[in-house]
Amino acid sequence: MSVVEEAITRAHREEWARVVASLAKRFGDLDIAEESAAEAFATAVERWPVDGVPPNPGAWLTTTANRKAIDRIRRESKRDDKHKEAQMWYDDPPEPLGVIDDERLRLIFTCCHPALAMETRVALTLRLVGGLTVPEIARAFFVQETAMGQRITRAKAKIKAARIPYRVPAAEDLPGRVSGVLAVLFLVFNEGYLATGPDTDPVRGELTAEAIRLTRLIRALLPTDGEVAGLLALMLLTEARRTARVSRTGELVALDEQDRGAWDTAMIAEGHHLVRERIATRIAPGRYQILAAINAVHTSARDVRDTDWSQVVALYNQLALVDPSPIVALNRAIAVAELDGPDVALAIVDGLADKLSGYHPYHATRADLLRRLGRSRESRAAYDAAIELSGNTAEIAYLTRRRNQLG
């Protein structure tokens, strides 16, 4: 890759969201913002190899994109209507800005507005904030390219028709809205962490990397928000183990079998720092912060036998108060098995049958506990149920091997 190509790639990664956000603020139209930004980057691909990389790539791209947008509006026969729409939508009588005034943050909250379906929020965020192309997003979530394009188009139309405000929420609404943004980013990360599609890599590094990059952006914009820091720490401590999670033969490697020397020490150090930083505030932690703390305990142990399971169980007890879901109860049972034995854990897991019968980790956990108790026939049946429900190729390979070892 040439120096100019590297500059364009870096500019796209660092400036895309800023350019789109500034255009959205000025013109009040996400279509104009997105398409004009794309045209500006296309112009950069043509001009920069000839003219050289400008001293301030972001400013050059923003100026070029603004010109593209103005040219487009001038070509539109309903130019005046568009200006009126923009004024009605964004130029209401002056009112206090949200608690934070950053154009990219406005854009993120617009893409993640609760009036939009979750799948639409994910797609819009990846397109308008992350800068991924429609084909890339379609491949990531196993949707036809035309269908994904239509989904994004309809979402932008809904934002315009419903006059969803392009602003940071007011202070009293911010906590709930931030949690919605984090849920979108966590969904993107989880799809990369354990991909659900049958015809894709079992671990999608491009998705986990994008989720981390966007969470870093939120962290920079909301540096005092504990749950933002917690989610970033959770992602880093999870991503640090990525290269050790799948064997050379394509099989998932369980945490207790992973080569800990292959973990990314820099990511772990950063994740631990964030966890310690939040603990030092003495502010009651939220869900992501507690999950990050659990992962910090795991990644602090040089050997699985050094894991402080009593601390893990205590953290799950704390998490259950914040998030009393059956999935949390299931994960707590896995830790209880290490502390109090598989029989105690199995009693907890069996009590979750009505709520988690369609959730493959429930059956996988139950299969492992039954195996450890020597109840091979029941364990085999549980492995079969987990395999049938799982969509991840590496996980299926792991579960199949464990089942076959039962004899």
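The values are calculated or read from the model by the stated rules, or taken from the named source; none is laboratory data. Quantities reported herein were computed from a predicted structural model and do not represent experimental measurements. Glycine gets a Cβ as well: all are built from the backbone with ideal geometry, and neighbour counts include every protein chain shown. Surface accessibility is based on the protein's heavy atoms, side chains included, excluding ligands, DNA and RNA. Shrake-Rupley method; radii C 1.70, N 1.55, O 1.52, S 1.80 Å.
Some notes on this structure:
- Index of the failed condition, Gly250 passing every other in (1) within 23 Å of the chain's Cα centre (by Cα); (2) in a loop (DSSP other than H, G, I, E, B): (1)
- Condition broken by Thr146, with the remaining ones in (1) over 25 Å from Leu232 (Cβ atoms); (2) modelled with pLDDT under 90; (3) open to solvent by 60 Å² or more (accessible area, probe 1.4 Å) satisfied: (2)
- In the stretch 107-122, the condition of being aromatic (Phe, Trp, Tyr) and buried (at least 21 other Cβ atoms within 10 Å of the Cβ) is met by at least one residue.
- Count of residues meeting criterion [more than 24 Å from the chain's Cα centre (by Cα), open to solvent by 60 Å² or more (accessible area, probe 1.4 Å) and farther than 22 Å from Arg154 by Cα] in the stretch 1-39: 4
- Members of the stretch 294-339 found to be assigned to a loop (DSSP other than H, G, I, E, B) and charged (D, E, K, R), listed by number: Arg302, Asp303, Asp308, Asp323
- Scan of the stretch 336-393 for residues that are within 20 Å of Gln405 (Cβ to Cβ) and of a type in the set (Val, Ile, Thr), ordered by number: Thr365, Ile387, Thr393
- From the options Leu222, Leu194, residue that is closer than 22 Å to Thr125 by Cα and open to solvent by 30 Å² or more (accessible area, probe 1.4 Å): Leu194
- Test: residue in the stretch 140-161 that is in a helix (DSSP H, G or I) and within 24 Å of Glu395 (Cα to Cα): yes
- Among the conditions (1) among the small types (Gly, Ala, Ser); (2) open to solvent by less than 30 Å² (accessible area, probe 1.4 Å); (3) closer than 27 Å to Arg204 by Cβ, Ala397 misses just one, which is (2).
- Residue match in the stretch 203-212 (condition: within 30 Å of Asp173 (Cβ to Cβ), assigned to a helix (DSSP H, G or I) and in contact (Cβ under 8 Å) with a residue 60 or more places away in the chain): yes
- Among the residues of this structure, Ala69 does not count as one that is at pLDDT below 85, surrounded by 14 or more Cβ atoms within 10 Å (Cβ to Cβ) and either small (Gly, Ala, Ser) or within 21 Å of the chain's Cα centre (by Cα) (or both).
- Every residue from the stretch 364-384 that is open to solvent by less than 30 Å² (accessible area, probe 1.4 Å) and either of a type in the set (Lys, Arg) or more than 25 Å from Arg248 (Cα to Cα) (or both): Leu369, Leu370, Ser379, Ala382
- Considering the conditions (1) open to solvent by 50 Å² or more (accessible area, probe 1.4 Å); (2) part of a helix (DSSP H, G or I); (3) among the small types (Gly, Ala, Ser), Ala284 is excluded by exactly one of them, (2).
- Test result for Ala138, surrounded by fewer than 16 Cβ atoms within 10 Å (Cβ to Cβ) and out of contact with any His (no Cβ under 6 Å at 6 or more places or on another chain): no
- Each residue in the stretch 287-311 was checked for being surrounded by 14 or more Cβ atoms within 10 Å (Cβ to Cβ), within 22 Å of Pro324 (Cα to Cα), free of Cβ contacts under 8 Å to residues at least 60 places away in the same chain and of a type in the set (S, T, N, Q), and 1 of them qualify.
- Qualifying residue in the stretch 150-173 (condition: open to solvent by less than 40 Å² (accessible area, probe 1.4 Å), out of contact with any Ser or Thr (no Cβ under 9 Å at 6 or more places or on another chain) and closer than 21 Å to Glu34 by Cβ): yes
- When Ala183, Ala171 are checked against the criterion of being touching a residue at least 40 places away in the same chain (Cβ under 8 Å), of a type in the set (A, V, I, L, M, F, W, C), more than 28 Å from Arg302 (Cβ to Cβ) and not in a helix (DSSP H, G or I), Ala171 stands alone in meeting it.
- Sub-8 Å Cβ pairs linking a first residue in the stretch 221-241 that is farther than 23 Å from Phe109 by Cα to a second residue that is part of a loop (DSSP other than H, G, I, E, B) and not acidic (Asp, Glu), at least 6 apart or interchain, are Ala240/Trp263; Arg241/Gln258; Arg241/Trp263, ordered by first then second residue.
- Among residues of the stretch 134-193, those that are touching a Gly at 6+ places or on another chain (Cβ under 8 Å) and among the β-branched types (Val, Ile, Thr), counted: 2
- Only residues that are part of a helix (DSSP H, G or I) and either modelled with pLDDT under 95 or more than 15 Å from Trp16 (Cβ to Cβ) (or both) were counted across the stretch 46-60, and they come to 9.
Every residue, every condition in (1) modelled with pLDDT of 95 or more; (2) of a type outside the set (Asp, Glu), yes or no:
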{"position": "Arg332", "(1), (2)": "yes, yes"}
{"position": "Val349", "(1), (2)": "yes, yes"}
{"position": "Tyr362", "(1), (2)": "yes, yes"}
{"position": "Asp368", "(1), (2)": "yes, no"}
{"position": "Arg371", "(1), (2)": "yes, yes"}
{"position": "Arg377", "(1), (2)": "yes, yes"}
{"position": "Asp384", "(1), (2)": "yes, no"}
{"position": "Gly391", "(1), (2)": "no, yes"}
{"position": "Thr400", "(1), (2)": "yes, yes"}
